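Q: Once you've had a glance at the structure underneath, I'll fire off some questions.
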Amino acid sequence: MTALVIKNLMKTYANGNVALQGVDLVVEAGDFHALLGPNGAGKTTAIGIVTSLVNKSGGDVEVFGHNIDTDLEAAKSCIGLVPQEINLNLWDSVQNIVLNQAGYYGLPRRLAQQRTEKYLQAMRLWDRRKQAARSLSGGMKRRLMIARALVHEPKLLILDEPTAGVDIEIRRSMWDYLREINAAGTTIILTTHNLEEAESLCRHVAIIDEGAIIEDAPMKTVLRKLQREVFVLSLEEPITVAPTLDGFETKLLDSLELEVAKGPAHNLNELFAQLARCNIRVLSLRNKANRLEELFLRLVENKDANPQGTAAP
Ligand code: ADP
């Protein structure tokens, strides 16, 4: 069963902005799919079309087999959307916002109340249910939008930059919760430019740039394509010249920080053995670039170098 099929999706806005130029995307039921891309790539437009907030200029969209042109209400009932912009009625209470959404989807009152409690509890907002939404912090408003999106228990949850402006600690607990509902069967599509978020959560990734998909593959495949990793080592003692190491590129960032790039043929044990031979002791190490970030830059470079062809691996 497919959760979402997008075929040759086009969008040109009234002012002539071309936002989508033939997007194709298939998301299987149960998947956790990332839609990545820089600002202006067309992510929000694509989601807007799938959720019928934006009219398409061409192409087809099916949600769990329901075509949005012929079967819009059925398609809509399958989707829960957490938009990028805070679009809550800020004067309404937290509880009412979720209850009203349940009413909008036709849930009987009792069930609506049960679900409202369930999802406000899950989003750690139940204690604040009587407060007006305007009194919530930015992160709480975002969690309220998630509770609101879940109240009709959609089969497909779409989140547009869900953790933008959310504290690290809350972000982690949101990630845990999203993993949990995905494991329980909800298909999730997430747009983000937080690549760490995509890497941590998603099993598939589609990368969109200038209104077209330039990569669409399982996350593992995408990560495996990345050959070169860059580490920054903190050194115990200062050094003045970067050591020459066999199989590794080195660059001294400052006297106590050494950048090392390694290819797939070499491992970190070899690196440390060589450093020990040079009497360089390492206190700690971190990955410099997020690997997806690197991939993304490479795909865009390849596309620019070869505009007619598809992105090279
Ligand atoms: P993303 O979500 O990836 O940042 P968007 O879908 O918001 O990208 O935007 C894609 C392109 O469409 C951009 O060039 C943007 O300026 C344009 N765009 C988005 N919304 C509108 C609109 N309402 N009117 C005109 N152009 C728009």
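Throughout, read-outs are computed from the coordinates displayed, never taken from laboratory work. Remember, predicted model here, so these are calculated numbers, not experimental data. Note that we place each Cβ from the backbone using ideal geometry, even for glycine, and neighbour counts take in every protein chain shown.
Q: Nearest 10 degrees is fine. How inclined is helix 94-104 to the longest principal axis of the chain, computing both from alpha carbons?
A: 60 degrees
Q: Next up: Could you tell me which of T191, N287, F272 has its Cα farthest along the dipole of the chain towards the positive end, charges placed at Cβ (Lys, Arg +1; Asp, Glu -1), taken about the Cα centre?
A: T191
Q: Relative to the Cα centre, what is the charge dipole magnitude of the range 141-256, using +1 at the beta carbon of each Lys and Arg, -1 at the beta carbon of each Asp and Glu, and rounding to the nearest 20 debye?
A: Approximately 620 debye in magnitude.
Q: Once the other residues with Cβ under 13 Å from the Cβ of E85 are scored (Lys, Arg +1; Asp, Glu -1), what is the net sum? Could you put the intermediate results ahead of the total?
A: On the way: positive: K141, R142; negative: D160, E161.
Once all neighbours under 13 Å are counted, the net charge is 0.
Q: Next question, about the same structure. Two decimals is fine: what's Rg over Rh for the range 76-148, C-alpha atoms, Kirkwood radius as Rh?
A: Answer for the range 76-148: 0.93.
Q: Taking the DSSP beta bridges in the chain as the whole, what percent of them are antiparallel, to the nearest 5?
A: 70 percent
Q: A follow-up question, please. With both partners inside the range 155-235, how many of the DSSP beta bridges are antiparallel, as a percent to the nearest 5?
A: Restricted to the range 155-235, the bridges split so that about 55 percent are antiparallel.
Q: Going by amide H atoms built from the backbone, whose H comes under 5 Å of the H on T192, apart from near neighbours?
A: L35, G37, E161
Q: Relative to the first principal axis of the alpha-carbon coordinates of the chain, what is the inclination of helix 291-305, with its axis defined by its Cα atoms, in degrees from 0 to 90 and to the nearest 10?
A: Roughly 90 degrees between the two axes.
Q: Mean-square fluctuation check for the chain, GNM, Cα pairs under 10 Å: which of N17, N89, N39 is largest?
A: So, out of N17, N89, N39, the one fluctuating most is N17.
Q: OK, next. Exactly which trypsin sites (Lys or Arg not before Pro) in the range 128-198 are in a DSSP loop and have at most 14 other Cβ atoms within 10 Å?
A: K130
Q: Once you charge only the Cβ atoms, +1 for Lys and Arg and -1 for Asp and Glu, what is the size of the charge dipole of the chain about its Cα centre, to the nearest 20 debye? Walk me through the intermediate numbers first.
A: Numbers: 36 positive and 39 negative charges, 236 e Å.
Rounded to the nearest 20 debye, it is 1140 debye.
Q: Hand me the GluC sites (Glu not before Pro) from the range 1-93 located in a DSSP loop with no more than 12 other Cβ atoms within 10 Å, in residue order please.
A: When the GluC sites (Glu not before Pro) of the range 1-93 are filtered for loop state and at most 12 Cβ neighbours within 10 Å, E85 remain.
Q: Shifting gears a bit: Arranged by the count of other C-beta atoms within 10 angstrom, fewest first, what order do S52, S137, S284 take? Write out the running numbers ahead of the final one.
A: Values: S52 17, S137 12, S284 9.
Placing the least packed residue first, the sequence is S284, S137, S52.
Q: What do you get for the angle between helix 138-150 and the principal long axis of the chain? Use alpha-carbon atoms, 0 to 90 degrees, nearest ten.
A: Its long axis makes an angle of about 60 degrees.
Q: Hey, with R₀ at 45 Å, roughly what FRET efficiency would K251 and M1 work out to, going by the Cβ-Cβ distance, to 0.05?
A: The value I calculate is 0.35.
Q: Nearest 500 deg cm²/dmol is fine: what mean residue ellipticity at 222 nm does the chain get from its DSSP H runs of n ≥ 4 alone, each adding -39,500 (n - 2.57), divided by its residue count? Numbers along the way, then the final one.
A: On the way: 10 runs with 106 residues, N = 313.
One gets -10000 deg cm²/dmol as the mean residue ellipticity at 222 nm.
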